[in-house]
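Down below is the structure, laid out as structure tokens.
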Amino acid sequence: MNQKLFYSLVLAIIGILVFIPFLGGVRLFDWDEINFAECAREMIVLGDYLHVHIDFKPFYEKPPLFFWLQSMMMNLFGINEFSARLPNAICGIITLVYLYHLGQKLHGHRFGLLWALAYLGSVTPHLYFRSGIIDPFFNLFIFVSLVNVIFASWKRERLGGAMTVPKKEWTYILLGGFVLGLAILTKGPVAYLIICLCLGTYWALNRFRWFITPLQFLAFSAAASVGSLLWYGLDIYLNGPTLVREFLAYSIRLLSTPDAGHAGFPAYHFVILLVGCFPASIFGIRAFGQLFIERNYQREFRRWMLILFWVVLILFTIVQSKIVHYSSLCYFPLTYLAALTLLQLEERKIQFNNWMRAGLILVGGLFVVAIGGLPLAARRMDLVRLVADQDPFSQGNLDAKIDWPLWTILPGIWLLFVLIVVIRWYNQREPAQASVVLFGGMAVFITLTLWFFIGRIEGISQAAAMRFFERAQGQDVYVRTYGYHSYGPYFYTQKPAVTNPNYYNDDWLLRGKIDKDVWFIRHASERPTVLDSLPDVRKTGEENGFVFYQRSAK
């Protein structure tokens with residue numbers, strides 16, 4: 001067995017062991033995880049895999065590819081949390097192997113391992129592979145597409161040699177376009193926008209010298225359009241321009257307003273990447289400066305990664321809606337830059353400096369304090385209540401009976417131990433073992449934190465509501481939220497297809513002649529609501545900040 005195949009199998013096995021176990025151990029989280037899983041479930045219920053629905057109404061905000069993957073898993077393993085998250089776990093395995101192969105091609109075997117390890121052992125890149133959101137596949141498709149364009153340009157300019165770019169120039173162009181089409185089918189045309197911004201930036205920095213021909217760019221765009229236009233075009237043919245009109249309106253809303261309350265300060269994504277992509281972010285920052293890179297094609301790839309990083313970061317800094325995963329495409333260039341720094345530390349080309357040391361201590365210390373201190377704080381809920389929001393809903397969440405045994409501080413203690421050992425080894429100029437322990441130890445830390453914390457956090461934040469929805473499974477009732485939005489009433493009631501259009505009329509549910517009972521849920525509040533004033537609506541209970549009502553059919 002050759003070295004590349006052996007380590008590919010090792011990384012695949014590590015990915016399977018890390019990403020797949022316990023995927024279904026905790027409920028999906030509102031909004032995105034439940035939203036996307038429900039879209040997949042409704043495909044199965046309706047038998048309609050062409051259109052995307054939510055609450056059995058057309059859903060124009062997302063294309064169908066990721067929901068096809070989720071519905072495929074649901075058909076194999078049942079409609080549950082495991083199936084909803086399994087596609088991203090598979091994406092994680094593919095990503096680790098792909099980064100190793102790409103890194104090995106660019107800088108050698110050790111670099112490939114460091115790049116895969118940096119991705120595996122950084123916080124949010126790791127977490128996303130254990131979630132049910134769209135972005136891991138979306139980001140991977142965009143990145144693979146860009147890499148193929150880069151390789152096409154190298155083939156054209158005879159950069160890198162036959163070992164680095166063995167395929168024909170047009171093969172890279174068409175393959176890159178096809179993969180970009182998959183990205184468009186995953187989350188929309190913003191994938192094409194990002195690629196065009198990267199290509200345009202490189203072209204401008206290259207003094208408008210063509211690195212691929214205009215004809216090749218047109219062929220690349222055509223290849224990207226084929227798969228996506230088959231779906232978009234068929235929908236437009238069957239249903240008119242509604243899809244395009246609604247999707248454009250949604251995109252403009254995200255760009256121009258903090259949609260769904262997702263506002264943030266201008267440096268939001270800088271902070272998110274620094275903390276969320278720890279510890280790769282600490283080492284990645286060093287690679288923005290001068291490095292000793294020998295070959296031209298290696299310098300060019302670093303240049304491309306810097307362009308990708310800044311294009312994504314600036315674009316989503318401009319966008320008014322601030323959501324953590326909007327800048328997640330930066331994980332690829334940031335972990336690449338981190339791997340460059342790690343390799344050069346090992347080769348003694350640069351030194352472990354005070355900035356790296358301070359970054360590991362300060363940002364790593366935040367995780368130690370937060371993860372180690374949360375169980376201790378939870379044991380003094382009286383103090384937590386004083387600093388938490390004082391509204392009835394937040395205070396009600398804290399009523400959840402969650403056990404926080406003392407051993408739940410172990411992830412924080414583990415990370416503290418890892419940081420001490422790693423900083424000592426870096427100081428002693430033993431960077432090879434320090435890097436492996438840092439990122440391997442972080443992967444263990446993230447896993448322990450998920451095992452110990454995520455179920456308890458879900459218990460505080462949403463479990464009472466989800467239990468309420470689950471009680472409606474198999475019962476012929478309507479279930480609606482009042483005064484807030486949630487996708488829980490669809491997925492966790494296992495809601496059947498809607499047969500009475502009056503269901504979508506809130507006034508009918510509250511005051512009309514209903515054909516079956518209606519269960520309502522709202523957030524606790526200081527003031528009574530309409531639900532409290534209607535004579536045939538009765539309060540049936542409350543739990544952890546949620547209040548439950550029923551209106552009976554007559």
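Starting from the range 111-137, take each residue that is under 18 Å from Leu273 (Cβ atoms) and list its partners that are outside any helix (DSSP H, G or I), counting only C-beta distances under 7 angstrom and pairs at least six apart or across chains.
Final answer for the pair search is Ser122/Cys277; Ser122/Phe278; Ser122/Pro279; Val123/Cys277; Val123/Phe278; Thr124/Cys277; Pro125/Cys277; Pro136/Phe129.
Is there a residue in the range 171-188 that is among the hydroxyl-bearing types (Ser, Thr, Tyr), more than 30 Å from Ile446 (Cα to Cα), out of contact with any His (no Cβ under 9 Å at 6 or more places or on another chain) and surrounded by fewer than 22 Cβ atoms within 10 Å (Cβ to Cβ)? Outline the logic, then answer.
Within the range 171-188, the first condition is being among the hydroxyl-bearing types (Ser, Thr, Tyr), and the residues that meet it are 171-172, 186.
Now narrow it down to the ones that are more than 30 Å from Ile446 (Cα to Cα): 171-172.
Retained after the next criterion (residues that are out of contact with any His (no Cβ under 9 Å at 6 or more places or on another chain)): 171-172.
Of the ones still in play, those that are also surrounded by fewer than 22 Cβ atoms within 10 Å (Cβ to Cβ) are 171.
Scanning the range 171-188 turns up at least one residue that is among the hydroxyl-bearing types (Ser, Thr, Tyr), more than 30 Å from Ile446 (Cα to Cα), out of contact with any His (no Cβ under 9 Å at 6 or more places or on another chain) and surrounded by fewer than 22 Cβ atoms within 10 Å (Cβ to Cβ).
Do we find a residue being closer than 27 Å to Cys39 by Cβ and acidic (Asp, Glu) anywhere in the range 475-485?
Step one: filter the range 475-485 for residues closer than 27 Å to Cys39 by Cβ, giving 475-485.
Subset that is acidic (Asp, Glu): 476.
Checked against the condition, which is being closer than 27 Å to Cys39 by Cβ and acidic (Asp, Glu), the range 475-485 yields at least one hit.
Quick one: would you say Ser71 is within 30 Å of Tyr237 (Cβ to Cβ), modelled with pLDDT of 95 or more and among the small types (Gly, Ala, Ser)? Write out each step before concluding.
Numbers: within 30 Å of Tyr237 (Cβ to Cβ): yes; modelled with pLDDT of 95 or more: yes; among the small types (Gly, Ala, Ser): yes.
Yes, satisfied.
Does at least one position in the range 44-54 carry a residue that is modelled with pLDDT of 95 or more, open to solvent by less than 10 Å² (accessible area, probe 1.4 Å), assigned to a helix (DSSP H, G or I) and in contact with a helix residue (DSSP H, G or I) (Cβ under 8 Å, 6 or more places away or on another chain)?
Looking for residues that are modelled with pLDDT of 95 or more, open to solvent by less than 10 Å² (accessible area, probe 1.4 Å), assigned to a helix (DSSP H, G or I) and in contact with a helix residue (DSSP H, G or I) (Cβ under 8 Å, 6 or more places away or on another chain), one finds none in the range 44-54, hence no.
Do the conditions hold for Phe469, that is, is it open to solvent by less than 30 Å² (accessible area, probe 1.4 Å), in contact with a Ser or Thr (Cβ under 9 Å, 6 or more places away or on another chain) and either farther than 30 Å from Phe367 by Cβ or touching a residue at least 40 places away in the same chain (Cβ under 8 Å) (or both)? Steps first, answer last, please.
On the way: open to solvent by less than 30 Å² (accessible area, probe 1.4 Å): yes; in contact with a Ser or Thr (Cβ under 9 Å, 6 or more places away or on another chain): yes; either farther than 30 Å from Phe367 by Cβ or touching a residue at least 40 places away in the same chain (Cβ under 8 Å) (or both): yes.
When the stated conditions are applied, Phe469 passes them.
If we scan the range 191-200, do we find a residue that is more than 19 Å from the chain's Cα centre (by Cα), of a type outside the set (Asp, Glu) and farther than 25 Å from Cys91 by Cβ?
yes
If I filter the range 275-283 for residues that are part of a loop (DSSP other than H, G, I, E, B) and crowded, with 24+ Cβ neighbours inside 10 Å, do I get at least one hit?
Residues of the range 275-283 that are part of a loop (DSSP other than H, G, I, E, B), as a first pass: 277-279.
If we keep only those that are crowded, with 24+ Cβ neighbours inside 10 Å as well, we get 277, 279.
Checking the range 275-283: at least one residue is part of a loop (DSSP other than H, G, I, E, B) and crowded, with 24+ Cβ neighbours inside 10 Å.
Just checking, does the range 231-241 include any residue being at pLDDT 95 or above and in a loop (DSSP other than H, G, I, E, B)? Even if it seems obvious, please write down each step before you answer.
From the range 231-241, those at pLDDT 95 or above are none; that's our starting set.
Checked against the condition, which is being at pLDDT 95 or above and in a loop (DSSP other than H, G, I, E, B), the range 231-241 yields no hits at all.
Mind listing whichever residues of the range 143-165 are without any contact (Cβ under 8 Å) to a residue 40 or more places away in the chain and either among the charged types (D, E, K, R) or not in a helix (DSSP H, G or I) (or both)?
Matches in the range 143-165: Lys155, Arg158, Val165.
If you take the residues of the range 351-374 that are over 30 Å from the mean Cα position of the chain (by Cα) and surrounded by fewer than 20 Cβ atoms within 10 Å (Cβ to Cβ), which of them is farthest from Leu114 (Cα to Cα)?
As a first pass, look at the range 351-374 and keep what is over 30 Å from the mean Cα position of the chain (by Cα): 351-354.
Checking which are surrounded by fewer than 20 Cβ atoms within 10 Å (Cβ to Cβ) leaves us with 351, 353-354.
Numbers: Gln351: 17, Asn353: 19, Asn354: 22 Å.
The extreme case among them is Asn354.
Picking from Val384, Val418, which residue would you name as being of a type in the set (A, V, I, L, M, F, W, C) and either closer than 30 Å to Ile16 by Cβ or touching a Phe, Trp or Tyr at 6+ places or on another chain (Cβ under 7 Å) (or both)? Full working, then the answer.
Working: Val384 fails: either closer than 30 Å to Ile16 by Cβ or touching a Phe, Trp or Tyr at 6+ places or on another chain (Cβ under 7 Å) (or both).
Checking each option against the conditions leaves just Val418.
Out of the range 65-82, which residues are in contact (Cβ under 8 Å) with a residue 40 or more places away in the chain, farther than 13 Å from Val45 by Cα and either not in a helix (DSSP H, G or I) or not acidic (Asp, Glu) (or both)?
Within the range 65-82, Leu65, Phe66, Leu69, Gln70, Asn80, Phe82 qualify.
Taking only the range 394-416 into account, find how many residues are under 18 Å from Ser461 (Cα atoms) and open to solvent by less than 40 Å² (accessible area, probe 1.4 Å).
Applying the first criterion (under 18 Å from Ser461 (Cα atoms)) to the range 394-416 yields 394-404.
With the extra rule that they be open to solvent by less than 40 Å² (accessible area, probe 1.4 Å), the set shrinks to 394-398, 400, 404.
Here the count works out to 7.
State whether the residues of the range 83-100 include one that is surrounded by 23 or more Cβ atoms within 10 Å (Cβ to Cβ), over 20 Å from Phe332 (Cβ atoms) and at pLDDT below 95.
Among the residues of the range 83-100, not one is surrounded by 23 or more Cβ atoms within 10 Å (Cβ to Cβ), over 20 Å from Phe332 (Cβ atoms) and at pLDDT below 95, which makes the answer no.
Scan Gln473, Gln462 and give me the residue that is under 27 Å from the mean Cα position of the chain (by Cα) and at pLDDT below 95.
Details: Gln473 fails: under 27 Å from the mean Cα position of the chain (by Cα).
Of Gln473, Gln462, the one residue that is under 27 Å from the mean Cα position of the chain (by Cα) and at pLDDT below 95 is Gln462.
Quick check: anything in the range 190-205 open to solvent by 10 Å² or more (accessible area, probe 1.4 Å), outside any helix (DSSP H, G or I) and within 22 Å of Leu334 (Cβ to Cβ)?
No, the range 190-205 contains no residue that is open to solvent by 10 Å² or more (accessible area, probe 1.4 Å), outside any helix (DSSP H, G or I) and within 22 Å of Leu334 (Cβ to Cβ).
Exactly one condition in (1) open to solvent by less than 10 Å² (accessible area, probe 1.4 Å); (2) in contact with a Lys or Arg (Cβ under 6 Å, 6 or more places away or on another chain); (3) not acidic (Asp, Glu) is not met by Ala116; state its number.
Only one criterion in (1) open to solvent by less than 10 Å² (accessible area, probe 1.4 Å); (2) in contact with a Lys or Arg (Cβ under 6 Å, 6 or more places away or on another chain); (3) not acidic (Asp, Glu) is unmet by Ala116, namely (2).
So which of Phe332, Phe309 ends up being at pLDDT 95 or above, under 19 Å from the mean Cα position of the chain (by Cα), part of a helix (DSSP H, G or I) and surrounded by 24 or more Cβ atoms within 10 Å (Cβ to Cβ)? Break it down into steps so the answer makes sense when it comes.
Values: Phe309 fails: surrounded by 24 or more Cβ atoms within 10 Å (Cβ to Cβ).
Checking each option against the conditions leaves just Phe332.
The values are calculated or read from the model by the stated rules, or taken from the named source; none is laboratory data. Only a predicted model underlies this, so the values are computations on that prediction, with no experimental measurement involved. Here the Cβ is made from the backbone with ideal geometry for all residues, glycine too, and neighbour counts use every protein chain on show. For the accessible areas, the whole protein counts, side chains as well, though only heavy atoms, and no ligand, DNA or RNA atoms are used. Shrake-Rupley method; radii C 1.70, N 1.55, O 1.52, S 1.80 Å.
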